[in-house]
Structure formats: structure tokens, C-alpha cells
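Sharing a structure here in C-alpha cells format.
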């Protein structure tokens, strides 16, 4: 079947997957920075190096994400909605819905039986509705982003955030710190606030009981728990949720 590349050039991170005869050979994540073209090229070169292959060995490349148009090498461009659906289907064939919490926006996608997108809705380009909100709060509380999930699970009395705006949410968090609230309670409140925004988004698309979660936000165990509680269902979380859309791009490259 050959070697195929899927590269997802996101606003925060660029993700890549190289498949060989239909199986994942390697995967990688690098910061996108301010030069999407450079990030895409770096991803392509590093995937090839990790797999020990050359450009001539690659049968096809699909790029996706907000920076896909900046890729300086030949590739097919496909919507990230379509790539996300195909990627989650490759991991969880039974999933009828996927929620993707990315660095710039969140998406809820309804998947048809044939793996095609049946319906979808995307949040506004606001940090409060994406994984960017988690990064903002981690900076405010001076904790590592990868630690906020576990910390939030230790909360005893989660803070209730009254705003749906990331800017005002940051100010509100600073106020709560001054009032003596613990980091754990503040983070649990952040997760609950984000989960409520995503749940409102999901209400516009019929959620299947077999619902998956992917994107960088799925790496946060606290957000996963809060989303499950808010939605009233157990979410399917892939082993490497951040590269699901890139995987879908590689699958589509093979289909093409």
C-alpha cells in the first residue's frame, strides 16, 4: 500500500503521522510557532528521518489545519473536520460523534456509518471555548500545563466562574487567588466552565452514546472527567489524542 504522511498544522502545535502499509509507523508533535510553513517542513523532515525513509518513498501527503496552506511541499489539502472524523474512525470504528478540543477552537462532529461527516459545529474563535483557556489559566496559576488535570481532581470546592470570556476569566482567576482559593479548586472550576461551553456546543449536534474525545484538550484528565460528568456519558479517548486529525489526513492520503 505504501508510505503516506498526514500533517496537521494547527495554531499551537503541528502534528504528524506516517503510515506504512496502513499502520502507524511514527507520530510526532512540534510547536507551530509563527511560521506555519517552517513548522510543516520540519514535521515532514522529522517524520521521514524517524521512519528512515526518503521523499521518494512517500506515495502521498495530505495537509490540514489552519496553517495547511503554508506548506511549501506538494500535498493535498483537506478540511480538518473531515480529517478528524476519518482519524477517530480509524481508532474507534464504532464512534458516532467526536469532540475535538483544539488550541484555537472546539469542534463537535457527527460521523455517518461510512465515516463521512454527517453534521458538525465549531466554537467561536475564543480561547474560553478551546484548550487555549487551559494554557492561559496554567500561566496565571504558575503550574505546568501537564499538571493541571491531576491537580483539579484534588479539588474540594470547585470555583464557579461567572464569565464565558477568557480575558475576564483570567482576571476572575487572579481575584480568586487573592481571596485565598486553592489552585485545585480554581482549576476544577476552569474545567467545569470549559466543559459547560463544549456541552452547549454539543447540544447543537446529536451526540451518539459512542462519543470520542480528541485534540490537545483530551490530554487533560481533569477536563475529560468534567466533560463526562457534564455530558452524562463515558468518552472514548484514544492513546494519542493530539494526533488524531493528522492520522485522518494520512488515511485520506492513502485513499487518494
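Kindly evaluate residue 218 against the criterion of being in contact (Cβ under 8 Å) with a residue 60 or more places away in the chain and in contact with a helix residue (DSSP H, G or I) (Cβ under 6 Å, 6 or more places away or on another chain).
yes
Right, something else. Check segment 179-202 and report whether any residue there is in contact (Cβ under 8 Å) with a residue 12 or more places away in the chain, under 16 Å from the mean Cα position of the chain (by Cα), within 18 Å of residue 96 (Cβ to Cβ) and not in a helix (DSSP H, G or I).
No.
Any chance you could count how many residues in segment 227-246 are touching a residue at least 40 places away in the same chain (Cβ under 8 Å) and either more than 30 Å from residue 30 (Cα to Cα) or in a helix (DSSP H, G or I) (or both)?
Of the residues in segment 227-246, 6 are touching a residue at least 40 places away in the same chain (Cβ under 8 Å) and either more than 30 Å from residue 30 (Cα to Cα) or in a helix (DSSP H, G or I) (or both).
Determine if segment 120-127 includes at least one residue that is in the same structural domain as residue 7 (by TED's automatic domain parsing), within 23 Å of residue 34 (Cβ to Cβ) and surrounded by 19 or more Cβ atoms within 10 Å (Cβ to Cβ).
There is no residue in segment 120-127 that is in the same structural domain as residue 7 (by TED's automatic domain parsing), within 23 Å of residue 34 (Cβ to Cβ) and surrounded by 19 or more Cβ atoms within 10 Å (Cβ to Cβ).
Can you tell me which residue within segment 65-75, out of those that are under 28 Å from residue 237 (Cα atoms) and touching a helix residue (DSSP H, G or I) at 6+ places or on another chain (Cβ under 7 Å), is surrounded by the fewest Cβ atoms within 10 Å (Cβ to Cβ)?
Among those that are under 28 Å from residue 237 (Cα atoms) and touching a helix residue (DSSP H, G or I) at 6+ places or on another chain (Cβ under 7 Å), it is 67.
If you don't mind, there's one more thing I want to ask. Evaluate segment 85-93: report whether one residue or more is in a loop (DSSP other than H, G, I, E, B), more than 12 Å from the chain's Cα centre (by Cα) and closer than 27 Å to residue 226 by Cα.
Yes, the conditions are met somewhere in segment 85-93.
Does residue 50 count as surrounded by fewer than 22 Cβ atoms within 10 Å (Cβ to Cβ) and either in contact with a strand residue (DSSP E or B) (Cβ under 7 Å, 6 or more places away or on another chain) or at pLDDT 95 or above (or both)?
Spelling it out, residue 50 is indeed surrounded by fewer than 22 Cβ atoms within 10 Å (Cβ to Cβ) and either in contact with a strand residue (DSSP E or B) (Cβ under 7 Å, 6 or more places away or on another chain) or at pLDDT 95 or above (or both).
Just wondering, is there one or more residues in segment 95-115 that are within 17 Å of residue 22 (Cα to Cα) and not in a strand (DSSP E or B)?
Scanning segment 95-115 turns up at least one residue that is within 17 Å of residue 22 (Cα to Cα) and not in a strand (DSSP E or B).
The values are calculated or read from the model by the stated rules, or taken from the named source; none is laboratory data. If you're wondering where the values come from, they're calculated on a predicted model, not measured in any experiment. No Cβ is skipped: glycine too gets one built from the backbone with ideal geometry, and neighbour counts run over all protein chains shown.
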